[in-house]
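In what follows, a single structure is set out as structure tokens and then discussed.
The values are calculated or read from the model by the stated rules, or taken from the named source; none is laboratory data. Remember, predicted model here, so these are calculated numbers, not experimental data. Quick reminder, even Gly has a Cβ in these numbers, built from the backbone with ideal geometry, and neighbours come from all protein chains shown. Protein only, heavy atoms only, side chains kept; ligands, DNA and RNA dropped before computing areas. Shrake-Rupley method; radii C 1.70, N 1.55, O 1.52, S 1.80 Å.
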Amino acid sequence: MTENIIEVRDLVKHYPVTQGVVFKKTIGHVKAVDGVSFDLKAGETLGVVGESGCGKSTLARVLMNLEKPTAGQVLYKGQDISKLSGGALRRLRRQIQLVMQDPYTSLNPRMTVGDLIGEPFEIHPEVAPRASRRNKVKELLDLVGLNPEHINRYPHQFSGGQRQRIGIARALALRPEVIVCDEPVSALDVSIQAQVMNLLEKLQAELGLSYVFIAHDLSVVRHLSDRVAVMYLGKMVEVGTEDEIYERPTHPYTQALLSAVPVPDPTVRESKAIIRLQGDVPSPVSPPSGCRFRTRCWKAQDVCAQEVPLLEIRPGSDHPSACHFAEKREIVVTHEVA
Amino acid sequence: MSEQSAAGADGSGRPSGRLLEVDDLRVEFRTRDGVAKVINGVTYHVDAGETLAVLGESGSGKSVTAQTIMGILDTPPGFVTGGEVRFHGKDMLKQSAEQRRRIRGEGIAMIFQDSLSALNPVFTVGFQIAEQFRIRRGLSRSDAKKRAIEMLDQVKIPNAKGRFSNYPHQFSGGMRQRAMIAMSIALDPEVLIADEPTTALDVTVQAQIMDLLGELQRERQMGMILITHDLGVVADVADRIAVMYAGRIVEEANVYDLYRKPAHPYTLGLLNSIPRMDEKGQELRTIKGLPPNLMNIPPGCAFNPRCPMAQPVCRETVPPLLQLGHGRASACHFAEELVNRD
Ligand SMILES: Nc1ncnc2c1ncn2[C@@H]1O[C@H](COP(=O)(O)OP(=O)(O)OP(=O)(O)O)[C@@H](O)[C@H]1O
Ligand SMILES: Nc1ncnc2c1ncn2[C@@H]1O[C@H](COP(=O)(O)OP(=O)(O)OP(=O)(O)O)[C@@H](O)[C@H]1O
Ligand code: SF4
Ligand code: SF4
Ligand SMILES: [Mg+2]
Ligand SMILES: [Mg+2]
């Protein structure tokens with residue numbers, strides 16, 4: 001049995017929507033994350049996919065303890081992270097690190113690469129004594145495939161893919177157990193994206209890291225993940241092994257999402273059966289009652305408006321899905337090029 | 001041989017009767033840091049009813065080419081230093097600002113990547129569309145409004161009438177992109193340039209937008225230039241593909257040939273770098289290194305420092321874009337070898 005390194009239980013994060021300038025009045029809440037539970041095992045990669053605005057980055061921030069949850073818990077090795085303080089909180093901050101989406105704005109332009117990657121050591125001097133820091137930084141640069149001689153350069157002297165490597169080196173500095181990657185390759189070109197993905201895989205194999213890997217590109221997520229969670233409007237609608245999600249999805253939203261993935265092969269154009277969803281994603285301030293997907297779902301029945309479908313395994317399927325009528329469906333996702 | 005020889009495919013030099021042709025276009029940006037040679041002889045064309053996809057890495061010059069076609073190049077610092085952009089056989093680069101303005105919208109229209117900044121935040125979406133009918137078609141205020149609502153309806157914005165008086169920020173990303181499409185096709189253009197029309201959107205909405213564009217194109221027999229770096233979208237909708245690298249077309253082919261058998265090592269590298277659903281667990285093949293600095297493009301083939309097939313000749317001689325037959329062209333010294341090997 002592999003142990004759970006992180007356990008998320010009924011996590012909720014709401015943001016108040018206010019009106020008025022002087023006397024701010026709360027007129028509602030953005031239900032960014034609204035009751036999410038999952039586990040992350042040591043050494044595994046959990047992929048998180050979903051449409052823009054479904055709450056992926058919010059989830060990442062709460063996991064990182066950068067924001068307090070409105071309700072629910074994040075347990076790190078059994079301890080509630082929002083209750084930690086002092087030394088325990090500092091130790092936690094070492095163990096979970098974040099790599100952010102935008103390699104262009106997430107690095108301070110006035111710091112050299114050496115300072116950027118070495119900065120975590122200032123906060124956690126116990127990890128590397130001052131005298132050895134420069135060498136540690138050079139080792140990290142080498143580890144992520146950058147030239148250690150470039151330690152005195154500034155971020156603008158690097159390309160997007162190289163900057164993303166700097167972000168990764170920085171996240172690795174304190175030898176964390178978990179890295180939360182929030183769209184780490186979305187801003188990169190395909191050829192550079194592939195370099196960074198290979199790097200993430202190599203580091204996981206060498207250092208035994210666990211990843212929470214957030215992205216909206218389903219092929220990227222499949223390539224890297226052991227298990228995948230699908231989010232829609234603040235809720236997890238389906239979770240399973242990458243095989244269960246990609247080969248046997250049972251939630252209509254997952255099915256629509258997979259069917260719409262553009263396949264890089266023109267010969268399957270005609271045979272592709274895209275499930276065409278109607279309309280737009282509803283506002284997270286007033287999500288639909290019952291199942292949140294019902295306004296776009298072709299299978300919706302009366303019960304879908306009345307009862308919230310639980311994320312659970314239903315008869316005839318092998319993994320949890322939050323649909324009253326979860327069932328398999330043939331989906332043509334061919335990525336084979338002759 | 002000159003690169004132009006690839007353009008007039010029949011080599012006869014007579015007017016080709018093509019809708020829009022970019023011919024050996026050259027553009028540079030003169031900045032404080034130096035001169036960046038951004039477009040170095042781009043040649044492509046699009047005919048009525050067909051979709052040309054322009055593919056290439058960030059910075060390869062896809063948008064600058066489009067801006068030059070539209071006559072909205074940022075000058076200075078950008079300058080056209082050579083080539084022609086012919087619309088119905090006439091070089092637009094030689095036309096007056098007034099003539100060009102008349103072509104914009106009715107002849108050639110463009111959808112921009114970033115719809116939020118392309119729509120004016122202080123006017124309602126409906127007003128911005130209606131204005132075109134008032135100014136360009138001389139319609140009355142109420143007729144223009146009626147036409148604008150029809151347009152919003154045509155791009156499948158629900159409750160178009162009610163949405164007419166919404167501001168851009170009141171639309172979701174997908175709806176804004178549809179509003180942009182409505183605006184750009186309002187005057188029934190012959191050519192539509194779509195610069196990354198779905199990059200900011202997720203796959204389910206992207207599928208809706210691409211469907212919509214396809215439908216409009218079939219109905220109106222528009223020529224479409226689709227700029228993107230998404231090899232999946234291209235495989236779905238393109239008829240022909242032009243691949244750009246460092247400001248040049250390095251390969252041109254119909255969509256089936258290009259995916260089956262790329263004739264340029266850069267295209268091959270791009271296709272190999274896509275994560276495929278069926279190749280999980282394997283290391284992705286990558287293109288090593290980085291795109292060139294446009295202020296200092298390597299001599300010979302610009303791709304040579306990254307190319308696994310590079311030979312000494314590649315560092316000395318610029319490979320011209322040569323026809324390989326069947327409308328295929330490649331700018332690689334070893335294109336024949338690449339296509340003929342299995
Ligand atoms: N600080 C905040 N205050 C108010 N609303 C917020 C805040 N942060 C996020 N939101 C809202 O919460 C919802 C979820 O946002 P989040 O950034 O988590 O989405 P996401 O899934 O990461 O989207 P994307 O794919 O676009 O990055 C959105 O509706 C967003 O507008
Ligand atoms: N106004 C400008 N001033 C200086 N350089 C510019 C300007 N506009 C574009 N460039 C440069 O021209 C080159 C080509 O840019 P272009 O926008 O055409 O790239 P692209 O292929 O569209 O890339 P992307 O996929 O990132 O949109 C880039 O190196 C860019 O930095
Ligand atoms: S619960 Fe109902 S509305 Fe929701 S996904 Fe299932 S069938 Fe569709
Ligand atoms: S010309 Fe030479 S360097 Fe350029 S793509 Fe062909 S083989 Fe590679
Ligand atoms: Mg996000
Ligand atoms: Mg561009």
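Within the option set A:Asp80, A:Asp39, A:Asp10, being more than 14 Å from chain B (Cβ to nearest Cβ), free of Cβ contacts under 8 Å to residues at least 24 places away in the same chain and more than 16 Å from ligand 6 (Cβ to nearest atom) holds for one residue only, A:Asp80.
Evaluation of B:Leu187 against the conditions (1) among the aliphatic types (A, V, I, L, M); (2) within 22 Å of B:Ala335 (Cα to Cα); (3) in a loop (DSSP other than H, G, I, E, B) shows that the sole unmet condition is (2).
Scan the stretch B:259-274 for residues that are facing another protein chain (nearest Cβ under 7 Å) and in contact (Cβ under 8 Å) with a residue 60 or more places away in the chain and the total you get is 1. Within the stretch A:246-275, being facing another protein chain (nearest Cβ under 7 Å) and without any contact (Cβ under 8 Å) to a residue 12 or more places away in the chain holds for A:Pro262, A:Pro266, A:Arg269.
For the stretch B:129-185, the tally of residues that are within 21 Å of A:Gln278 (Cα to Cα) and hydrophobic (A, V, I, L, M, F, W, C) stands at 13.
If only residues of the stretch A:87-107 that are more than 18 Å from the chain's Cα centre (by Cα) and hydroxyl-bearing (Ser, Thr, Tyr) are counted, the one that is nearest to ligand 5 (Cβ to nearest atom) is A:Thr105.
Yes or no, residue by residue, for (1) of a type in the set (D, E, K, R); (2) closer than 30 Å to A:Gln255 by Cα:
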{"residue": "A:Ala131", "(1), (2)": "no, no"}
{"residue": "A:Asp142", "(1), (2)": "yes, no"}
{"residue": "A:Phe158", "(1), (2)": "no, no"}
{"residue": "A:Gln162", "(1), (2)": "no, no"}
{"residue": "A:Ile166", "(1), (2)": "no, no"}
{"residue": "A:Val178", "(1), (2)": "no, yes"}
{"residue": "A:Ser186", "(1), (2)": "no, yes"}
{"residue": "A:Gly208", "(1), (2)": "no, no"}
{"residue": "A:Arg222", "(1), (2)": "yes, yes"}
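With the condition kept exactly as written, say whether any residue in the stretch B:277-289 is touching a His at 6+ places or on another chain (Cβ under 7 Å) and modelled with pLDDT of 95 or more. No, the conditions are met nowhere in the stretch B:277-289.
Matching residues to (1) within 16 Å of ligand 6 (Cβ to nearest atom); (2) within 24 Å of A:Val281 (Cα to Cα):
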position: B:Arg176; (1), (2): no, yes
position: B:Glu196; (1), (2): yes, yes
position: B:Asp211; (1), (2): no, yes
position: B:Gln221; (1), (2): no, no
position: B:Val234; (1), (2): yes, no
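Taken together, B:Ala310, B:Ala331, B:Ala253 contain a single residue that is in contact with a Pro (Cβ under 9 Å, 6 or more places away or on another chain), within 13 Å of chain A (Cβ to nearest Cβ) and at pLDDT 95 or above, which is B:Ala253. Could you tell me whether B:Gly41 is within 16 Å of ligand 4 (Cβ to nearest atom) and over 14 Å from B:Arg240 (Cα atoms)? When the stated conditions are applied, B:Gly41 passes them.
Yes/no per residue for (1) within 11 Å of another protein chain (Cβ to nearest Cβ); (2) touching a Gly at 6+ places or on another chain (Cβ under 9 Å); (3) open to solvent by less than 10 Å² (accessible area, probe 1.4 Å); (4) of a type in the set (Val, Ile, Thr):
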| site | (1), (2), (3), (4) |
| --- | --- |
| B:Asn166 | no, yes, no, no |
| B:His169 | no, no, no, no |
| B:Arg176 | yes, no, no, no |
| B:Met180 | no, no, yes, no |
| B:Thr199 | yes, no, no, yes |
| B:Gln206 | yes, yes, no, no |
| B:Leu213 | no, no, yes, no |
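No other residue among A:Ser219, A:Ser289 is over 19 Å from the mean Cα position of the chain (by Cα) and either in a helix (DSSP H, G or I) or away from chain B (no Cβ under 11 Å) (or both) apart from A:Ser289. A:Ser191 fulfils the conditions (1) more than 16 Å from ligand 1 (Cβ to nearest atom); (2) surrounded by fewer than 23 Cβ atoms within 10 Å (Cβ to Cβ); (3) among the polar types (S, T, N, Q) except for a single criterion, (2). Restricting the stretch B:66-116 to residues that are farther than 30 Å from B:Leu201 by Cβ and among the aliphatic types (A, V, I, L, M), the residue that is surrounded by the most Cβ atoms within 10 Å (Cβ to Cβ) is B:Met92.
When A:Glu312 is tested against (1) without any contact (Cβ under 8 Å) to a residue 24 or more places away in the chain; (2) buried (at least 17 other Cβ atoms within 10 Å of the Cβ), only condition (2) is not met. Restricting the stretch A:200-217 to residues that are of a type in the set (A, V, I, L, M) and open to solvent by less than 10 Å² (accessible area, probe 1.4 Å), the residue that is farthest from ligand 2 (Cβ to nearest atom) is A:Leu209. Checking B:Ile193, B:Ile185, B:Ile225 one by one, the residue that is within 16 Å of ligand 2 (Cβ to nearest atom) and farther than 30 Å from B:Gly300 by Cβ is B:Ile193 and no other.
Inspect all residues belonging to the stretch A:180-190 and state whether any of them is without any contact (Cβ under 8 Å) to a residue 40 or more places away in the chain, within 12 Å of another protein chain (Cβ to nearest Cβ) and assigned to a helix (DSSP H, G or I). Yes, because at least one residue in the stretch A:180-190 is without any contact (Cβ under 8 Å) to a residue 40 or more places away in the chain, within 12 Å of another protein chain (Cβ to nearest Cβ) and assigned to a helix (DSSP H, G or I).
Being of a type outside the set (Val, Ile, Thr), open to solvent by less than 40 Å² (accessible area, probe 1.4 Å) and within 16 Å of ligand 6 (Cβ to nearest atom) holds for only one residue in B:Leu284, B:Leu294, and it is B:Leu294. Please verify whether A:Gln157 is within 17 Å of the chain's Cα centre (by Cα) and of a type outside the set (D, E, K, R), treating the condition exactly as stated. In short, no. Does the stretch B:150-164 hold any residues that are open to solvent by 30 Å² or more (accessible area, probe 1.4 Å), under 19 Å from B:Glu215 (Cβ atoms) and away from chain A (no Cβ under 14 Å), and which are they? If the condition is that a residue be open to solvent by 30 Å² or more (accessible area, probe 1.4 Å), under 19 Å from B:Glu215 (Cβ atoms) and away from chain A (no Cβ under 14 Å), then B:Glu150, B:Asp153, B:Gln154 are the ones that fit. Taking the stretch A:152-176 as the range and being more than 14 Å from chain B (Cβ to nearest Cβ), assigned to a helix (DSSP H, G or I) and surrounded by fewer than 18 Cβ atoms within 10 Å (Cβ to Cβ) as the test, only A:Asn152 passes. Filter the stretch A:218-245 down to the residues that are surrounded by 19 or more Cβ atoms within 10 Å (Cβ to Cβ) and without any contact (Cβ under 8 Å) to a residue 40 or more places away in the chain and list them by number. Passing the criteria: A:Val220, A:His223. Taking residues in the stretch B:53-81 that are within 14 Å of chain A (Cβ to nearest Cβ) and within 16 Å of ligand 3 (Cβ to nearest atom), and partners anywhere that are open to solvent by less than 10 Å² (accessible area, probe 1.4 Å) and part of a loop (DSSP other than H, G, I, E, B), not one pair has Cβ atoms closer than 9 Å while being at least 6 places apart or on different chains. Among the residues of the stretch A:248-285, just one is modelled with pLDDT of 90 or more and open to solvent by 20 Å² or more (accessible area, probe 1.4 Å), namely A:Arg248. Out of curiosity, is A:Val237 of a type in the set (A, V, I, L, M), touching a Cys at 6+ places or on another chain (Cβ under 8 Å) and more than 30 Å from B:Met175 (Cα to Cα)? No; evaluated as a whole, the condition is false for this residue.
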